Amino acid sequence: MNLAVSAGNPSLPIYQVGDGSGSGTGTKTYEAGKIYSVIVRGDVNNLDPERKPKAFLLQHN
């Protein structure tokens, strides 16, 4: 299962949520009974590639 994050504006891109490894695959194997948080950071209008929007998935418990 994959998760995607959108800014709600059709002209803005959708960001795939990965496992935080930086692999850019946007894939994650989810485990039953676990709690997950999605962290989104960045600025769509920033010209610095390191500050563009990114989405991460954190697994708890």
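Couple of notes before you dig in:
- A cut-off of 5 Å between modelled amide H atoms, ignoring neighbours fewer than 5 places along the same chain, links Lys52 with Asp43.
- Per-peptide packing, taken as the mean over residues of other Cβ atoms within 10 Å, places 39-45, 29-35, 54-60 in the sequence 54-60, 39-45, 29-35 from highest down.
We did not get these values from a lab; they are worked out from the coordinates using the rules stated. The structure displayed is predicted, hence computed values, not measured ones. Positions of Cβ are generated from backbone atoms using ideal geometry, with glycine treated the same way; all protein chains shown enter the neighbour counts.
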